[in-house]
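Visitor: I'd like to ask some things about the structure below.
The values are calculated or read from the model by the stated rules, or taken from the named source; none is laboratory data. Computed from a predicted structure; not experimentally measured. Heads up, the Cβs are rebuilt from the backbone with ideal geometry, glycines too, and the neighbour counts pull from every protein chain shown.
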There are 4 protein chains.
Amino acid sequence: MDLTSRQMEIIQAATQLISERSIQELTIKNLSARIGVTEAALYRHFRSKVDILVAILEQFREHGEVVRREALQRNAGPMELLEFIFLTHVRTFVEKPYLADVVFSEEIFQNEDRLADMVRSMMQQNFDAFVGMMRQGQQAGSIRNDIAAVELTTIFVGALRMLITRWRLQRFTDNLEHDGVSMWKALQRILST
Amino acid sequence: MDLTSRQMEIIQAATQLISERSIQELTIKNLSARIGVTEAALYRHFRSKVDILVAILEQFREHGEVVRREALQRNAGPMELLEFIFLTHVRTFVEKPYLADVVFSEEIFQNEDRLADMVRSMMQQNFDAFVGMMRQGQQAGSIRNDIAAVELTTIFVGALRMLITRWRLQRFTDNLEHDGVSMWKALQRILST
Amino acid sequence: MDLTSRQMEIIQAATQLISERSIQELTIKNLSARIGVTEAALYRHFRSKVDILVAILEQFREHGEVVRREALQRNAGPMELLEFIFLTHVRTFVEKPYLADVVFSEEIFQNEDRLADMVRSMMQQNFDAFVGMMRQGQQAGSIRNDIAAVELTTIFVGALRMLITRWRLQRFTDNLEHDGVSMWKALQRILST
Amino acid sequence: MDLTSRQMEIIQAATQLISERSIQELTIKNLSARIGVTEAALYRHFRSKVDILVAILEQFREHGEVVRREALQRNAGPMELLEFIFLTHVRTFVEKPYLADVVFSEEIFQNEDRLADMVRSMMQQNFDAFVGMMRQGQQAGSIRNDIAAVELTTIFVGALRMLITRWRLQRFTDNLEHDGVSMWKALQRILST
DNA sequence: AATGAATGAGGATTCATTCAT
DNA sequence: CATGAATGAATCCTCATTCAT
């Protein structure tokens, strides 16, 4: 997935476009206008519009993986891992709010089978990774045992998404960083033994 | 918002279309074909495509209100209220899976200002209602006090949405009813004192 | 051409609609809405939209004839006839400004052969009547003889039309009655010996 | 207003279409068919249909200005100026009869505010220029003084328009050039002292 | 008389994409 | 690499008209 700098420019512009206006506004015309080239020029860099969307999803997958890998390298317990991931996600959105509109909007990509499949598998992969961490925490005794890992994960991921969704629907007016920390503290209290 | 039977037929077909195919496939052509009339015929029942989407949202708003009102009439404590609402929503989706694709997909409606505003206010109204219940429960002593009502609501609503989202992305293969009950039990354990 | 009262109501509404908005806005929908009936209802009174336009033109033809007949009954010389007709037309427009938009707008009816033919023959008939008057005046010695009747008529009719056209394009802000009298005095000076 | 050759081709085709069939027949479909391209192709050259109409009007405005400027460069008295302009207009229509249908048909453009405003201001600008010439002639003693310049202009412009209108309604069968010269001679006799 | 529902044809415009230059 | 011009299919929507009630 080595992207040229032009390709990266395109998918960033595309992401912003989706965020600022909605997926319906992500047209080849709008996209090329934003970058400042002709519509035809885009086809030098991507074979089709779907390929651009695939690249966007691919980038998210990689971002998720990077965050998880970074977390693992810290050699900390599951609880610290979850904290790191939670807060890193929050900070990513604080820095690049436009990502929020895309990253939690699976519906956007239901359009094409290829895209819907990618979303499905990413979500699954992500979810499974969290379930794994939960289980480890439960075995290690740092995470409560009276609720199954799947439910705990649903709560954890659901809370993160809900936090972002509300912030997003209020057009980024809340202080997400602050609310994120509060939210994590609540989750911590709930998850830990 | 009294809808004629034809109007109801249209918004139901529209909802299913969004669910089965995605919002991009909700075209006047597809919609009229599904109902078995001409495109022009739709315009006798709705003034525009946006009006159809507004009617869909309106229907959801009413459904939410009905569920909340029903819950309140049961004269039960906040905890029982939340249970009723949680499980009623789950059952609604079990019965009409296609609703799930629309009801939790705010992104779908970001297209038009009028729609985006409706989604925003519905979400807010809904969330506030839950925060109110949480506060009552906290005052009555049935809901834990060490976590703020807003965070508890984020967890509650987030978990419900996450549950549905996963089920939906797996194309409704899980047993949602069963998972919903498990999920509620987990939430109950978490929320109660 | 005996019109029922409903038919008269329709062609008056149609005339106003053309005037206020332009011929493009004269749709069966707009027209029926203005009258307060269903679109289908109009077809009880006219067999088609073209028939409505024909009725409008017919009404104008009759109006022109009535004015000319009235003028003739006054048993006056050609010069007084022209004055009567000129000022009567001006006063008709002062009273019903919306007529002005239609009566001098042949282009509006170029759409359909039947209508274009009507306009053509009305214009011709009208013009010929004026040429006749001019000739009579020339023979009687009250109208100048050094310019042919056709040219004098072109000037006479052209000036009337131009007066109305300017007033119309300025959205009826000038005092047409006053300008009309001035214009007639100028024409009088020019036409008479 | 520098037009590409394709743009000029389009507005010429549009002008002819209006002339041959009427404004209602000026559809993107008809227009593109006449040029021999797809409907979509037109949108590379004009942003909308209204823009095409604006370009047509703009072209007329420029034509009028060119004629007036040419006239002024001849360094002749007002009477010669009026003659030049009158006969030049007549000859323009003799060469391009299809223009006649558009150039004196303000009604055609009442459809859209932007267009109606253009027509209004063009007409006003044109009229004022003639009033100015009349006044100059009156001061110089070559144009009669007993009738106000506005009335003389109304007669002059009205006669020109009437001449063209009749010729047009008779589907260009008369000898316009010949009738134009006669008409000018009549006007000359009327205007001069 | 009038309505409500429907239709088929056509309106302007936008879409992703292609291709010669 | 990029452009300008083009395309065919699709978009939403409006038109005049019809017909059973």
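Visitor: Given the structure, is A:MET133 part of a helix (DSSP H, G or I) and within 11 Å of another protein chain (Cβ to nearest Cβ)?
Guide: Against the criterion (part of a helix (DSSP H, G or I) and within 11 Å of another protein chain (Cβ to nearest Cβ)), A:MET133 does not qualify.
Visitor: Suppose the filter is over 19 Å from B:GLN110 (Cβ atoms), touching a residue at least 12 places away in the same chain (Cβ under 8 Å), surrounded by 14 or more Cβ atoms within 10 Å (Cβ to Cβ) and near DNA strand E (Cβ under 8 Å from one of its atoms); does A:LEU42 pass it?
Guide: Yes: the conditions hold for A:LEU42.
Visitor: Output the residue which, of all residues in the range A:60-75 that are over 12 Å from A:ASN126 (Cβ atoms) and acidic (Asp, Glu), is farthest from the chain's Cα centre (by Cα).
Guide: A:GLU70
Visitor: Any idea which of (1) within 17 Å of the chain's Cα centre (by Cα); (2) within 22 Å of C:GLY158 (Cα to Cα) is the one C:PRO78 doesn't satisfy?
Guide: It is condition (1) that C:PRO78 fails.
Visitor: Restricted to the range C:25-39, and to residues that are part of a loop (DSSP other than H, G, I, E, B) and loosely packed, with under 15 Cβ neighbours inside 10 Å, which residue is nearest to DNA strand E (Cβ to nearest atom)?
Guide: C:THR38
Visitor: Considering each residue of the range C:148-176, count those that are within 16 Å of the chain's Cα centre (by Cα) and of a type outside the set (Ser, Thr, Tyr), and give that number.
Guide: Total meeting the criteria: 13.
Visitor: Of everything in the range B:157-189 that's of a type in the set (Asp, Glu) and assigned to a helix (DSSP H, G or I), which residue is farthest from the other protein chains (Cβ to nearest Cβ)?
Guide: If we take residues in the range B:157-189 being of a type in the set (Asp, Glu) and assigned to a helix (DSSP H, G or I), then B:GLU177 is farthest from the other protein chains (Cβ to nearest Cβ).
Visitor: Out of all the residues in the range B:36-59, which are under 24 Å from the mean Cα position of the chain (by Cα) and either away from chain A (no Cβ under 14 Å) or more than 9 Å from DNA strand F (Cβ to nearest atom) (or both)?
Guide: Answer for the range B:36-59, where residues must be under 24 Å from the mean Cα position of the chain (by Cα) and either away from chain A (no Cβ under 14 Å) or more than 9 Å from DNA strand F (Cβ to nearest atom) (or both): B:PHE46, B:SER48, B:ASP51, B:ILE52, B:LEU53, B:VAL54, B:ALA55, B:ILE56, B:LEU57, B:GLU58, B:GLN59.
Visitor: Quick one: count up the residues across the range A:77-104 that are touching a residue at least 24 places away in the same chain (Cβ under 8 Å) and polar (S, T, N, Q).
Guide: Looking only at that region, the number is 1.
Visitor: Yes or no: the range C:137-149 includes at least one residue that is free of Cβ contacts under 8 Å to residues at least 60 places away in the same chain, more than 11 Å from every other protein chain (Cβ to nearest Cβ) and either hydroxyl-bearing (Ser, Thr, Tyr) or under 26 Å from D:GLU107 (Cβ atoms) (or both).
Guide: Within the range C:137-149, not a single residue is free of Cβ contacts under 8 Å to residues at least 60 places away in the same chain, more than 11 Å from every other protein chain (Cβ to nearest Cβ) and either hydroxyl-bearing (Ser, Thr, Tyr) or under 26 Å from D:GLU107 (Cβ atoms) (or both).
Visitor: A further question follows. Residue by residue through the range C:1-24, note down the ones that are within 21 Å of D:GLU112 (Cα to Cα) and not in a helix (DSSP H, G or I).
Guide: C:SER22
Visitor: Taking the range C:45-66 only, how many residues are free of Cβ contacts under 8 Å to residues at least 24 places away in the same chain, of a type outside the set (Lys, Arg) and in a helix (DSSP H, G or I)?
Guide: 3
Visitor: To continue, here is another question. For the structure I just gave you, tell me whether B:ILE108 is within 16 Å of DNA strand E (Cβ to nearest atom) and either touching a Phe, Trp or Tyr at 6+ places or on another chain (Cβ under 6 Å) or within 18 Å of B:MET162 (Cα to Cα) (or both).
Guide: Criteria not met by B:ILE108.
Visitor: Name the one entry in A:THR88, A:THR153, A:THR92 that is surrounded by 19 or more Cβ atoms within 10 Å (Cβ to Cβ) and assigned to a helix (DSSP H, G or I).
Guide: A:THR153
Visitor: Let me ask something else. Would it be correct to say that B:ALA76 is under 30 Å from B:ALA129 (Cα atoms), more than 14 Å from chain A (Cβ to nearest Cβ), more than 9 Å from DNA strand F (Cβ to nearest atom) and among the small types (Gly, Ala, Ser)?
Guide: yes
Visitor: Tally the residues that are more than 10 Å from DNA strand F (Cβ to nearest atom) and either more than 16 Å from the chain's Cα centre (by Cα) or surrounded by fewer than 17 Cβ atoms within 10 Å (Cβ to Cβ) (or both), restricting the search to the range B:13-24.
Guide: Count: 5.
Visitor: Among the residues of the range B:94-108, is any at pLDDT below 95 and within 14 Å of DNA strand F (Cβ to nearest atom)?
Guide: yes
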